[in-house]
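J.: Dumping the structure here so I can ask a few things about it.
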Amino acid sequence: MRYMLLVCGDLPAYEAMQADGSFLPDCDAWADEMRRRGALVETGGLRPPDDATTVRVRGGEVLLTDGPFAETKEVVAGFSLIECADLDEALEAAARHPVARHGTIEVRPLLPA
């Protein structure tokens, strides 16, 4: 089953990650381990919410808004799409993700195709 790991955090979490000298190497090591296990489908970081464009279609008209869909204190900073046998395995992978030390990993199962 596939699971989306949504990498989230607020400004203090982001600052803590930047101050943690082992953070980026640990992220690379986590991704390498998940690839070795055959579990990592895709992973990536996202630019800040200020760089977002929100798209809505109302009454046949395309409405574009600069910035995120909603103002929140916590933002989605990245993602990892993993394939695991079950939720327990996905939760174990999320708990080992370096972002879990400072921010939040939201684990969501994908709907069947």
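The values are calculated or read from the model by the stated rules, or taken from the named source; none is laboratory data. Predicted model, so just to flag it, every value in this text is computed and none were measured. Because the Cβ atoms are built from the backbone with ideal geometry, glycine has one as well, and the counts that use them run over all protein chains shown. Surface accessibility is based on the protein's heavy atoms, side chains included, excluding ligands, DNA and RNA. Shrake-Rupley method; radii C 1.70, N 1.55, O 1.52, S 1.80 Å.
J.: Hey, can you find the accessible area per residue of segment 2-109 for me, probe 1.4 Å, expressed in square angstrom?
T.: 64 Å²
J.: Calculate the spin-label point distance for Arg96 paired with Leu11, positioning each point 7 Å from the Cα along the beta-carbon direction, and give it in nanometres.
T.: It works out to 3.5 nm between the two label points.
J.: Taking a 1.4 Å probe, which of Arg2, Arg47 shows the most accessible area, and what order do the others take after it?
T.: The ranking, largest first, comes out as Arg47, Arg2.
J.: Name the residue farthest towards the positive end of the dipole of segment 2-109 from the options Thr65, Ala95, Val75, assuming +1 on Cβ of Lys and Arg, -1 on Cβ of Asp and Glu, about the Cα centre.
T.: Thr65
J.: Label Asp66 and Asp20 with points 7 Å out from Cα along Cα→Cβ: what is the distance between them in nm?
T.: Result for the modelled spin labels: 3.3 nm.
J.: Ignoring any ligand, DNA or RNA, what whole percent of the accessible area of the chain comes from carbon and sulfur when the probe is 1.4 angstrom?
T.: 56 percent
J.: Where does each of 36-45, 56-65 land if you order them by average Cβ count within 10 Å, highest first?
T.: Ranked from most to least packed, the peptides come out as 36-45, 56-65.
J.: On to the next question. Between Asp28 and Thr104, with labels modelled 7 Å along Cα→Cβ, what's the label distance in nm to one decimal, could you check?
T.: For the pair Asp28/Thr104, the computed spacing is 3.0 nm.
J.: Extent of segment 2-109 along each principal axis, from alpha carbon coordinates, in Å, largest to smallest?
T.: 47, 34, 19
J.: Follow-up. Relative to the first principal axis of the alpha-carbon coordinates of the chain, what is the inclination of helix 23-36, with its axis defined by its Cα atoms, in degrees from 0 to 90 and to the nearest 10?
T.: 70 degrees
J.: Efficiency by 1/(1 + (r/R0)^6): what FRET value for Val76 and Met1, r their Cβ-Cβ distance, R0 = 30 Å, to the nearest 0.05?
T.: That gives a FRET efficiency of 0.90.
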